[in-house]
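Student: This is the structure, below, for whatever I ask next.
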Amino acid sequence: MRKINYFLFVFILLLCTVPAKAQIVSGSSGSAIEEYAVKELQRYIYQISGEWLQIIPDSVACDDPVFIVGTPASNRLIAELDTKGTIRLPDANDTPAEEQGYILKTMEGDGKPSLIIAGQSDVGVLYGVYGLLQDHYRIGFYFSGDVLPDKKQAFWLPVVDEQKIPSMYIRGFLPWTNFPQSATSYSWNDWKYIIDQAAKMRMNFILVHNYNGELGHNEPFHNFAYRGYLSRVWMPTAGTGHKWSSPGWDVNEYLFGASSFFDDYDFGSECALHNENLSNKEVFRKGVSLFQKVIAYAHSRGVKMGLGLDIDLIMPEYNTTADDPEVIAARVDQVVTDYPDLDYLFCFQSENVGKDSLFYNAWKKIFDGFYEGVKKGSPHTRVAVSGWGLDPVAVESLPADVICAPIAPYSAEFENGHIYGDREYWGCPWLERDIKSSQYYYPYGIDLSGTVESYRNRASNMKGFFALTWRLTDAIEPRMEYISRAPWDDTITSSEQVYHRYAVLNYGPDAADEITAIINGNEPFASDFGECEPTRPFLPDSTGKAELVKAEEQLAVIDRLIHNTDSPSARYRLNLLRCRIAAARDHILLNEHFDHYSLEELTATMRSWVENFMYRVTDIPTLGNIVSIQNRFVRNNYLPREKELREKQGVGDSHSLQTLKSASGVQGLKFATENRSPRITSISPPVSHPKGQPLSIKISLLDDNDYEDLSATFYYRKPGSSSAWTKLAMTRKVKSTFTVDLPGEWITEEGIEYYFQATDGENVSVFPVTAPHMNLSLVTYQSENQYRPFEMQYYPSEKRYNSTAVDFHDQ
């Protein structure tokens, strides 16, 4: 450090002389994003150390190890360090990527260490906080939740001196809508949770593709009125199924205990449920209201939102074509009026069309109308072109400011961007594929190594990096971590690095090598059935016997690691992995023996298969897989065969229940529910919450006892408090779903930390499994209430829901 800078820093620290406790010095004029970043730093330092650091403005005295957080514009201490050259932030007018960069620097003056977290922008500060927590405090941020130590450790300041600028200014994902494992099933709380986690992962982009005509799918975020007609929008639910060959089924008919997850007559996004008595306009406004809230909330976390449309498709009920000028004008008007803050509009070339010159000329006519309308009605919304691969010659004719962002043609590899010349290009690999792959297990045939290699070979015009997927978690989780980390870390050169880092953090250093050897493209092959295919029968495969041996060997490794670990959290995550490998094993067994099983053997193997999906549910994607396997394989394959076997054996329906109880030991299967404490599942647990607003939290329990034997308790307290936990009995909503409601005044300015406890009368469990040493927590934030929510009023006497939605379009 230069001498002048040393004395400057000593002077700054001498200003901070009063309190005798570590503190966080924030900028007096920081934005809402900066305020949130500082509270996140406070929350996580407490989570890992038990030290509740006071947040003070830069004008107040401080002492002892201290974080100084902010931008030169918000925090005078940061400004002085930047002016004197102690830290060197990029200029404010530099590239978008540089605006997102940050500096982390540990400094010492007069024997007092401090750690600087400085950004040129408020988003840079947010990423600096999360980068510090992720890279130097070894916290894992994932869409399934945070990975934290099992117990708190003594507070420490890491020694760090780094400046980070992402190589891509756009980093994100495209959770494709149509299947139950993806954004199809997201409700508001899920969106909110996913956006919070995306920001923690230093991702800043989510693209939502909205079908308006493909196979009759007419999704609810975009629609239009044409000559007095407004089509009916819908989003697939468990009850409707989807048009890619998945039937619907009543969730309350699900077998082997799977119905315990569901507390309504159907499962899906809140904008898709309870619409039976609503008009076409009311249903559409529900979808618009949800997406408006998503856009506004995403912006509060520095996340940009895109809307993708197949502009060459419309519903046939309009009795016109997509290139009708009235149609184009109506569609553009809906986008710019309902979504004035939309960041990106993606104009897709639809999937199942020939990309010849005849198609392109027709598509280009539609595109020109969209482009001109958006530039006029919402000039800050950038326009991108996308599709399943794009012709560079055709793209060349588009306006220069149009982004070229094709999704790779069903591949983990993607173009480097060179073929598009100087045009801004965003690369988009697939993390899984919906045909000849799997949404159930490892995504066969889609190897992360191809994505890593493509990213390393990118051309200079590639400025964005996002990935198409349905799941965000389970076998996709390490891949999603790669998408988020690669633009911040140019040392990643192989998929083995990615999986090994993931294994160390999630399963522990002692297990990492053996687990990496399994999850890095070596999981047993069960079936390359993809969600867009018709349900396959269980049939033998030429690889079945060898893959069954592999599955059993891997399960033996995992069982040994589970037995040997002392870490409750590592054991929990090893069990999730075990369930995935065991489900693959069960699928292989069903393929090999389905037509030869006795009734008892069939029921036992099917039960084991289903339970191995149930016991790895942590979120919407894994819950969506419950819907898929029940609607498809249980209903279409198991039930007809079970009926056939019952008739052959001359037994009635009641025999099935007895079969479940007597089938243990068949094929050496180990049932997940046997002799276990209730398993607590919290889908999208709140990690942030608006100040002063009431909070409702829901959990579901898995247990082999009667529902009446189950009970649950919610424990919470103010973070940093040494007082006893406040204990609230949770209310059974239905079956094994429990809820708790907290008035807004019970949630402190500092937020709360909380955990759940459940019992079946004999066994007791907690969630998270590290509670009460390491718990869940949330921070509070100021809500601007930019949009009023769409409200549904239920009339019990009439057994119907009615809408009280505000029609934003007419305001």
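Student: Can you give the convex hull volume of the alpha carbon atoms of the range 23-156 per residue, in Å³? Don't jump to the answer; show the numbers that get you there.
Tutor: Values: hull volume 14.3 nm³, N = 134.
Cα convex hull per residue, to the nearest whole number: 107 Å³.
Student: According to the Cα gyration tensor, what semi-axes, each the square root of 5 times an eigenvalue, does the equivalent ellipsoid of the chain have, listed from largest to smallest in whole Å?
Tutor: Working: eigenvalues 337, 247, 144 Å².
One finds semi-axes of 41, 35, 27 Å for the chain.
Student: Can you return the aspartates and glutamates within cross-link range of residue 304? Criterion is Cα-Cα under 15 Å, with same-chain partners fewer than 8 residues away left out.
Tutor: 99, 122, 196, 341, 343
Student: So, one more: Once the Cβ-Cβ distance between residue 762 and residue 510 is put in as r, and R0 is 30 Å, what FRET efficiency do you end up with, to the nearest 0.05?
Tutor: 0.40
Student: For the range 564-654, how big is Rg over Rh, using alpha carbon atoms and the Kirkwood form of Rh? Intermediate results must be reported in sequence, preceding the final value.
Tutor: Values: Rg = 15.4 Å, Rh = 14.4 Å.
Radius of gyration over Kirkwood radius for the range 564-654 works out to 1.07.
Student: Using the C-alpha atoms of the range 150-254, what convex hull volume per residue, in cubic angstrom, is computed? Before the final figure, lay out the partial values.
Tutor: Details: hull volume 21.5 nm³, N = 105.
Per-residue hull volume (Cα only) is 205 Å³.
Student: What ranking, highest mean first, results for peptides 211-218, 624-631, 163-170 when packing means the other Cβ atoms within 10 Å averaged over each residue? Write down the numbers at each step before the final one.
Tutor: Details: 211-218: 18.6, 624-631: 24.5, 163-170: 20.5.
Ranking the peptides 211-218, 624-631, 163-170 by packing returns 624-631, 163-170, 211-218.
Student: How far is it, in nm, from the label point at residue 545 to the one at residue 563 when both lie 7 Å from their Cα along the line to the Cβ?
Tutor: With each label placed 7 Å out from Cα toward Cβ, I get 2.9 nm.
Student: Something else now. With all protein chains present, how much of the accessible area of the chain (probe radius 1.4 Å) comes from carbon and sulfur, to the nearest whole percent? Can you show the working numbers first?
Tutor: Working: 14970 of 29980 Å².
It is 50 percent, rounded to a whole number.
Student: Computed over the Cα atoms of the range 525-607, what is the ratio Rg over Rh, Rh following Kirkwood? Display every interim value, and only then the final one.
Tutor: On the way: Rg = 14.7 Å, Rh = 14.1 Å.
Using only Cα positions, Rg/Rh for the range 525-607 is 1.04.
Student: In addition: Compute the accessible area per residue over the range 349-389, keeping the other protein chains in place, probe 1.4 Å, unit Å².
Tutor: Values: 1930 Å² over 41 residues.
Averaged over the residues of the range 349-389, the accessible area is 47 Å².
Student: Ok, one more. Between the range 118-149 and the range 325-347, how many Å separate their Cα centres?
Tutor: 35
Student: In what sequence, highest mean first, do 111-120, 324-333 appear when ranked by Cβ atoms within 10 angstrom? Don't skip to the answer; put the middle values down first.
Tutor: On the way: 111-120: 22.2, 324-333: 17.2.
Highest to lowest by the protection proxy: 111-120, 324-333.
Student: A follow-up question, please. Let me make sure I get this right: for the range 82-216, a, b and c are the square roots of the gyration tensor eigenvalues over alpha carbons, sorted descending. Under 1.5 in a/c it's rounded, otherwise prolate if a/b > b/c, else oblate. Which is it? Write down the numbers at each step before the final one.
Tutor: Details: a/c = 4.08, a/b = 1.71, b/c = 2.38.
Because a/c hits 1.5 or more and a/b fails to exceed b/c, the range 82-216 counts as oblate.
Student: Rg to Rh ratio, the range 389-453, alpha-carbon atoms and Kirkwood radius?
Tutor: Values: Rg = 13.8 Å, Rh = 12.9 Å.
When Rh is taken as the Kirkwood radius, the ratio is 1.07.
Student: What distance in nm separates the simple spin-label points at residue 108 and residue 435, each placed 7 Å from Cα in the Cβ direction?
Tutor: Placing both labels 7 Å beyond Cα along the Cβ direction yields 6.2 nm.
Student: While we're looking at this one, here's another question. In deg cm²/dmol, rounded to 500, what helix-only [θ] at 222 nm does the chain give when every DSSP H run of at least 4 residues adds -39500 (n - 2.57) and the total is split over its residues? If you can, show how the numbers build up before the last one.
Tutor: Numbers: 20 runs with 264 residues, N = 811.
Roughly -10500 deg cm²/dmol at 222 nm, from the helical runs in the chain.
Student: OK, next. Using only C-alpha atoms and all pairs of different ones, pull out the Kirkwood radius for the range 414-525 in Å with one decimal. Can you show the working numbers first?
Tutor: Working: mean 1/r = 0.0680 Å⁻¹.
Hydrodynamic radius (Kirkwood, Cα pairs) of the range 414-525 is 14.7 Å.
Student: I've got another one for you. Per 5 Å bin, what is the whole-percent P(r) computed from every C-alpha pair distance within the range 483-584?
Tutor: 2, 12, 19, 18, 16, 13, 12, 6, 1, 0
Student: Counting C-alpha atoms alone, how compact is the range 272-395: give Rg to one decimal and Dmax as a whole number, in angstrom.
Tutor: 15.6, 49
Student: Just the Cα atoms of the range 167-318, one point each, no solvent: what log10 I(q)/I(0) does Debye give at q = 0.09, 0.12, 0.16 Å⁻¹?
Tutor: -0.31, -0.55, -0.94
Student: In the chain, what percentage of the DSSP-assigned beta bridges are antiparallel, given to the nearest 5?
Tutor: Details: 54 of 104 bridges.
Expressed as a percentage, antiparallel bridges in the chain total about 50.
Student: Another one. Can you tell me the convex hull volume per residue for the range 669-763, based on C-alpha atoms, in Å³ to the nearest whole number? Could the numbers behind the result be given before it?
Tutor: Numbers: hull volume 11.3 nm³, N = 95.
With only Cα atoms used, the range 669-763 gives 119 Å³ per residue.
The values are calculated or read from the model by the stated rules, or taken from the named source; none is laboratory data. None of these values were measured; they are calculated from a predicted model. Every residue, glycine as well, gets a Cβ built from its backbone with ideal geometry; the counts of neighbours run over all protein chains shown. Surface areas here come from the heavy atoms of the whole protein model, side chains and all, with no ligands, DNA or RNA. Shrake-Rupley method; radii C 1.70, N 1.55, O 1.52, S 1.80 Å.
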